[in-house]
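Shown next, in structure tokens, is the structure this report addresses.
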Amino acid sequence: MRTQVAIIGAGPAGLFLSLLLDRLGIASVIVELHTRDYIENRVRAGLLEYHTVQLMQELGVGGRVALEGLEHGGIELRFNGRGRRIDFRDLAAGKCVTIYAQHEVIKDLAAARLATGKPILFEARNAQLHAIDAERPYVTFHHNGVDERLDCDFIAGCDGFHGISRASVPAGVLTVYERDYPFGWLGILAQAPPASQELIYVHHHRGFALLSMRSPEISRLYLQCAPDEDLSLWPDDRIWSELHKRFATDDGWKLTEGPITQKAVTGMRSFVVEPMQAGRLFLAGDAAHIVPPTGAKGLNLAVADVRVLAAALGHFYSSGSPALLAQYSATCLRRVWKVQRFSWWMTQLLHRFPDNNPFDQRRQLADLDYLTGSRAASQSLAENYVGLPFR
Ligand SMILES: Cc1cc2nc3c(=O)[nH]c(=O)nc-3n(C[C@H](O)[C@H](O)[C@H](O)COP(=O)(O)OP(=O)(O)OC[C@H]3O[C@@H](n4cnc5c(N)ncnc54)[C@H](O)[C@@H]3O)c2cc1C
């Protein structure tokens, strides 16, 4: 097999890239480890930045998100038993965010990709990258009982944090920057109408909590917990009891309960590799960086990377110049580090740290008071939350 760009992984990064390349007339083959059913049902992110939704519209895959997505013009920050709203539309030039589950995005993108007749090779086992420093790199893998070789001009490593792309870069080329957090999130999906139309971020002395939603009937709720929390110690009634305590307000606000259909613990990590390129291999999305979920940025940052990569590949194929490809890593990393900063900042602002230092608690509350009382501070939060502009 031969193509121009071999894409490893059919997550948000790989699928968006394939559609962006298709629009530029650049051929690609997607090599995906799992089945279509698996990738279309894996529950992960749920919040799309303004620019991500716009890109879906531009690519002709925005029909369902326009109909079924829930537009949110703000969030609530709740602390000291009171909620204060940050109004995105007012503070961020009319922009908003949209609640639409990642696996629904994947369904829309995969359907559009397959409708072009271009391949997604599902269940491709043991993918390996070869000659990434040469003019003609190639990928080998096992598919439908056959050992395959895919020759290409470039490889896009879009295979997430645990994929093989980053691991294929020779030792000494990449520098890792990382930070682990001493807590995780216990997340549930519940068949209960969300108690608020917008997300609620809670700072509480018992620990952080977040109210989000999947639809007008399904709530998504999170509790700060230990990074290795034992889920068997959390029967449903204990989860609801803890959620009620953390969301409690002075005015008797009530959380809606319903049957819990899913429970999981998610770890929290900040991680970046530099550069995001090695020879003809370009890393994008979680393959290159991870953010803690507090700012809801992981998926959106993956999309931002592949916009840059597609434009650089388009420039290469139309002009023969590798100039934009050479700048890929530096261009992406400017945004990556701003998003890392924002995600870290939201995380340290809202979580209870194990040493529970009273000074830090007071500082967090002062920060929240300032943030919700100052238009300049609220505006900074709003413009980061809806997504920084592309320049
Ligand atoms: C539990 C959980 C909750 C999250 N919640 C949020 C959230 O609320 N908000 C947010 O913004 N982000 C969230 N994220 C992060 C977000 O989901 C990711 O940032 C996003 O999926 C990154 O997209 P990606 O395409 O880079 O990688 P992925 O989505 O990981 O996609 C990688 C693809 O590569 C495939 N693959 C892996 N290895 C191989 C291989 N060897 N060969 C071929 N294919 C391979 C995988 O099967 C997968 O389809 C969450 C992540 C997790 C795990």
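Just so it is clear, none of the values below were taken in a lab; they were calculated from the coordinates. Every value quoted in this text rests on a predicted model; they were computed, and no experiment measured them. Heads up, the Cβs are rebuilt from the backbone with ideal geometry, glycines too, and the neighbour counts pull from every protein chain shown.
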- Distance histogram for region 271-391 (every C-alpha pair counted, 5 angstrom bins, percent rounded to whole numbers): 2, 10, 18, 18, 15, 12, 10, 7, 4, 3, 1, 0
- Karplus couplings for region 219-233 from phi (6.51 cos²θ - 1.76 cosθ + 1.60, θ = phi - 60°), rounded to Hz, Gly and Pro as x? 9, 10, 10, 10, 10, 4, 8, 6, x, 10, 3, 8, 4, 5, 8
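Roughly speaking, what is the stretch gain from Ser215 to Phe353, that is 0.36 nm per residue apart minus the C-alpha to C-alpha distance, in nm to one decimal? Can you show the working numbers first?
Values: separation 138, 0.36 × 138 = 49.68 nm, distance 3.17 nm.
Full extension from Ser215 to Phe353 adds 46.5 nm.
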- Where does the Debye-calculated log10 I(q)/I(0) of the chain sit at q = 0.07, 0.11 Å⁻¹, using only Cα point scatterers of equal weight, no solvent? -0.33, -0.80
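Express the relative contact order of the chain as a whole percentage, based on alpha carbon pairs under 8 Å and six or more residues apart in sequence. Show your work: numbers first, answer last.
On the way: 777 pairs, mean separation 80.3, N = 391.
For the chain, the relative contact order is 21 percent.
Just check region 332-391 against the gyration tensor rule for me: Cα atoms, a ≥ b ≥ c as the square roots of the eigenvalues, rounded for a/c under 1.5, and otherwise prolate or oblate depending on whether a/b exceeds b/c.
Values: a/c = 3.85, a/b = 1.54, b/c = 2.49.
Here region 332-391 falls in the oblate category.
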- Alpha-carbon Debye profile of region 107-247, log10 I(q)/I(0) at 0.10, 0.18, 0.19 Å⁻¹: -0.65, -1.01, -1.06
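Determine, for each peptide in 203-214, 142-153, 122-133, the mean count of other beta carbons within 10 angstrom over its residues, then list the peptides with the highest first.
Values: 203-214: 20.3, 142-153: 13.7, 122-133: 16.2.
Peptide ranking by packing, descending: 203-214, 122-133, 142-153.
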- Task: Would you list which lysines come within 21 Å of Lys263, measuring only between C-alpha atoms, while excluding same-chain residues fewer than 8 positions from it?
- Result: Lys245
- Straight-line reach from Lys118: which lysines have Cα under 19 Å away, leaving out those fewer than 8 places along the same chain? Lys107
- How many percent of Cα pairs in region 76-154 exceed 19 Å? 68
- Kindly provide the helix-only [θ] at 222 nm of the chain, computed as the sum of -39,500 (n - 2.57) over DSSP H runs of four or more divided by all residues, to the nearest 500 deg cm²/dmol? -11000 deg cm²/dmol
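Any chance you could run the full-extension gain for Arg334 through Gln128? It's 0.36 nm times the residue separation minus the Cα-Cα distance, nm to one decimal.
Numbers: separation 206, 0.36 × 206 = 74.16 nm, distance 2.95 nm.
Net length gain for the segment: 71.2 nm.
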- Grab the Cα-Cα distance for Val146 and Arg23, subtract it from 0.36 nm times how many residues apart they are, and report the gain in nm with one decimal. 41.2 nm
- Message: If packing is taken as the average count of other Cβ atoms within 10 Å, what order do 184-193, 37-46, 368-377 fall into, highest mean first?
- Response: 184-193, 37-46, 368-377
- Of 300-307, 220-227, 77-84, ordering from highest average Cβ density within 10 Å down gives 300-307, 220-227, 77-84
